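Participant: Sharing a structure, written as structure tokens. Questions coming.
Bear in mind these aren't lab numbers, they're just calculated from the coordinates by the rules spelled out. Because the structure is a prediction, the values reported are computed rather than measured. Here Cβ is always computed from backbone atoms with ideal geometry, including for glycine, and neighbour counts include all displayed protein chains.
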Amino acid sequence: MDVVVTEVMRNRFAAMAAEASYIAYRAAHTTFVKQTQDYQVAMASLSGEFFAFPTQSGVTSGVCQNIRGIIDEIGLEELGDGDIIITNDPFSGGSICTHTMDIHLIKPVYYHGELIAFAWAFIHASDIGGSVPGSVDPNNYEVYQEGIRITPSLLYKGGELNSQLWRMFEDNSRIPELIWGDLQAMISGLNLLQIRAFELCDRYGKRTFLEGIENILSIAENKSKEILSSLKDGSYRFSDYLEAYRGEEPIFISAEMKVNGGQVSIDFDGSDPQVQFSMNFPSSGYHSHPMLCLALIDYVQTVAPTVPVNGGLIRPVRASAPSGTIMNATFPAAGGNRGVTINRIYDVILGCLNQAIEGGISAAGSGMAGIISASYRDPQSGRRLVSVVEPFIGGGGARRDRDGVDGINNPTAYLRTAPVEAVEAETSLLFKRFSLAVDSGGAGQFRGGRSLQIEFENRSVSTIVAVRGLDRFRFNPWGIAGGACGRRGESILNPGTPRERKISKVDLLEMKRGDVLLLTTPSGAGFGHPYARTAESVLEDVIAGVVSPEAARTVYGVAITGSAIDASETKALRSASTSSEQLFSFGGERGQLEKLWPSVIRAHLAKKIMQTPQGLRSHLLTLLLGRLNDTGCPVTSNSIDTEIRELLPN
């Protein structure tokens with residue numbers, strides 16, 4: 001490996017990816033792409049690994065995806081210059097599309113007739129048809145309800161548009177002209193990547209170009225292995241919960257992470273089967289799916305911020321989930337709301353990491369990314385207009401050496417907030433509040449990031465508001481080393497009026513003219529005991545309006561008079577010990593649940609359910625949870641086995 005040439009290639013790859021992504025972003029049409037930036041453009045090797053991937057724009061969590069599965073469904077022998085593959089099918093191509101709203105494009109790049117790479121792009125399409133405007137209803141139970149689904153197909157052949165294929169999509173989307181504009185913007189990015197690849201080959205030679213790809217992938221792999229080797233060897237298990245809809249029992253997610261000298265394996269055996277909501281996602285494919293181990297990828301980049309950002313980062317990691325579980329769902333499971341499951345998987349792997357690093361590393365963040373879509377009828381044409389308008393995420397977890405970030409959490413930190421003025425201009429919503437909540441971050445030596453509050457009024461006769469991705473409305477984000485849990489989320493319709501109504505998680509809500517909706521996200525949890533936070537830091541928080549004087553006294557043990565610390569009273573308040581015997585602080589709701597259902601017993605139930613016929617699993621799980629809950633006694637593996645034998649004697 002020529003170090004100088006490799007470094008030149010590394011920087012050229014990064015620059016061409018950033019340029020192409022910026023071009024696509026500037027030319028996009030829908031709010032969710034041109035403002036929120038739920039899109040990406042990148043370049044992949046012949047093996048399907050990304051080697052040129054942007055880090056400052058678009059979605060950054062997909063860097064370790066592998067697109068070769070999509071290509072193989074078409075067949076290399078069927079591809080030629082000027083072709084572009086399109087797909088949004090989650091059940092083919094290695095499950096790169098984790099829900100049908102993500103439309104992926106792949107353009108093979110030929111240099112003097114020889115295939116040298118693939119240019120790739122995707123957008124989150126704001127509407128692809130389906131049962132509701134925006135295509136995502138959290139209560140959907142099969143993929144047929146989630147809009148048109150296209151298995152890997154050629155949108156362009158030899159540079160010519162397959163107009164029949166596009167017409168099929170156009171006839172199903174409520175906003176086809178906007179989606180077409182987004183796709184053309186992405187194609188501009190693909191074409192630019194091809195031009196830049198040709199320039200590199202012309203200047204340095206095709207062989208140097210291809211060697212540069214393999215070299216920077218290897219550098220990322222070796223650095224990832226080096227970082228992961230600093231984890232304590234051993235086996236670590238952690239579990240967490242997703243909150244189901246319609247009052248059903250929570251969904252259990254469990255993982256075991258094994259560390260052995262820089263190699264990490266993750267097994268999700270013991271997690272619940274796929275569900276009758278749109279919270280599933282498939283993760284089958286030729287390689288570990290990055291959404292099953294995103295926390296590890298983020299950890300490597302945090303420890304080594306100069307590491308090349310490419311698909312080599314995931315090479316030392318293997319992650320698997322039994323087929324038919326919620327994180328490896330099978331056809332025809334609904335998955336429009338799969339982002340909330342990916343967030344919880346992130347938290348589960350973070351829980352394992354906290355055990356593999358002496359003293360822990362980070363408390364849980366909000367654990368969700370609420371995505372608001374709004375639909376109303378144009379009063380002139382009668383046509384239903386739809387826009388995905390705003391992400392709201394919630395605070396990040398406190399880290400071992402610093403506070404959590406307000407309003408932002410790691411797994412989806414790449415999503416941008418759309419300007420309120422743009423949202424108001426394109427929808428029927430009027431924003432009344434967009435702010436951070438006081439006293440919301442989980443208390444600790446390092447404080448969790450604060451909750452975000454959004455309040456808006458409907459100005460149309462009727463607007464359908466859908467919010468996907470909400471969670472942590474029942475179970476708090478967990479704290480570390482004595483840190484307090486984060487606050488839970490909350491939704492209130494018409495707050496402060498006689499019509500005020502708490503509605504928990506919003507799924508699909510019709511708002512009449514004048515209705516107001518107030519949404520509050522969960523916050524990040526704390527790290528370390530609150531009494532270990534310096535009194536000066538608490539005073540700064542009070543002065544800044546982050547913490548109230550009452551919370552400073554009752555939670556942090558800091559007495560503040562005016563704008564000064566009362567040292568003697570603070571000393572008296574803080575006389576209690578700050579040591580913590582438990583690494584995790586889970587909160588009362590989870591504690592009550594696990595008195596009846598210890599996590600090891602809940603995992604036993606999930607494994608038993610996964611041994612039953614697939615068509616019966618969801619029904620059996622609901623039935624067993626109800627029957628065993630009714631006893632009011634702690635559940636055992638024997639009681640589970642007995643109930644299953646009675647229900648399925650054969």
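Participant: Could you check how many percent of all C-alpha pairs in segment 3-224 are farther apart than 27 Å?
Facilitator: 30
Participant: Among Val303, Ile644, Thr534, flag the residue with its Cα farthest along the positive direction of the charge dipole of the chain, charges on Cβ as +1 for Lys/Arg and -1 for Asp/Glu.
Facilitator: So the residue furthest toward the plus end is Thr534.
Participant: I've got another one for you. Limiting things to C-alpha atoms, what are the Rg and the maximum Cα-Cα separation (Dmax) for segment 597-647, in angstroms?
Facilitator: So, for segment 597-647, Rg and Dmax equal 10.1, 29 Å respectively.
Participant: Quick one: Karplus J couplings for segment 234-244, per residue in order, coefficients 6.51, -1.76, 1.60, θ = phi - 60°, nearest Hz, x for Gly and Pro?
Facilitator: These are the phi-based 3J(HN,Hα) values: x, 10, 10, 10, 8, 9, 7, 10, 9, 9, 6 Hz.
Participant: Note down the magnitude of the dipole of the chain about its Cα centre, charges +1 on Lys and Arg C-beta and -1 on Asp and Glu C-beta and zero elsewhere, to the nearest 20 debye.
Facilitator: Roughly 920 debye for the chain.
Participant: Give me Rg over Rh for the chain, both radii from the alpha carbons and Rh done the Kirkwood way, two decimal places.
Facilitator: Rounded to two decimals, Rg/Rh equals 0.97.
Participant: What's the ranking of 617-623, 199-205, 180-186, 30-36 by average number of surrounding C-beta atoms within 10 Å, highest first?
Facilitator: 30-36, 180-186, 617-623, 199-205
Participant: Near the amide H of Asp38, under 5 Å away, which other amide H atoms are found, from residues 5 or more places off or on another chain, if H is placed in the peptide plane?
Facilitator: Hits under the 5 Å cutoff: Val33.
Participant: Another question, then. Under a point-charge model restricted to the Cβ atoms of Lys and Arg (+1) and Asp and Glu (-1), what is the dipole moment magnitude of segment 3-224 relative to its Cα centre, in debye to the nearest 20?
Facilitator: In debye, rounded to 20, segment 3-224 gives about 640.
Participant: What are the ³J(HN,Hα) couplings of segment 487-502, residue after residue, when phi is run through the Karplus curve with 6.51, -1.76, 1.60 and θ = phi - 60°? Round to Hz, x for glycine and proline.
Facilitator: Computed from phi, the couplings for segment 487-502 are 6, 8, x, 7, 10, 10, 9, 6, x, x, 10, x, 9, 4, 8, 7 Hz.
Participant: With axes computed from alpha carbons, what is the tilt in degrees of helix 3-27 against the longest principal axis of the chain, rounded to the nearest 10 within 0 to 90?
Facilitator: 80
Participant: Can you sort Arg318, Arg174 from fewest to most other Cβ atoms within 10 Å of each residue's own Cβ?
Facilitator: Fewest-to-most ranking of Arg318, Arg174: Arg318, Arg174.
Participant: Sorted by packing (mean other beta-carbon atoms within 10 Å per residue), highest first, where do 358-364, 378-384 land?
Facilitator: Per-residue Cβ counts within 10 Å, averaged per peptide and sorted highest first, yield 358-364, 378-384.
Participant: For Trp166, Trp478, Trp597, which order do you get if you count the other beta carbons within 10 Å of each Cβ and list the fewest first?
Facilitator: Trp166, Trp597, Trp478
Participant: What is the packing order of peptides 491-499, 134-142, taking the mean over residues of other C-beta atoms within 10 Å and listing the highest first?
Facilitator: 134-142, 491-499
Participant: Using only alpha carbon pairs under 8 Å that are at least six residues apart, calculate the relative contact order of the chain and give it in whole percent.
Facilitator: Computed over the chain, the figure is 12 percent.
Participant: Only counting other Cβ atoms within 10 Å, I'd like Phe434, Phe50 sorted with the fewest neighbours first.
Facilitator: In order of increasing Cβ crowding within 10 Å: Phe434, Phe50.
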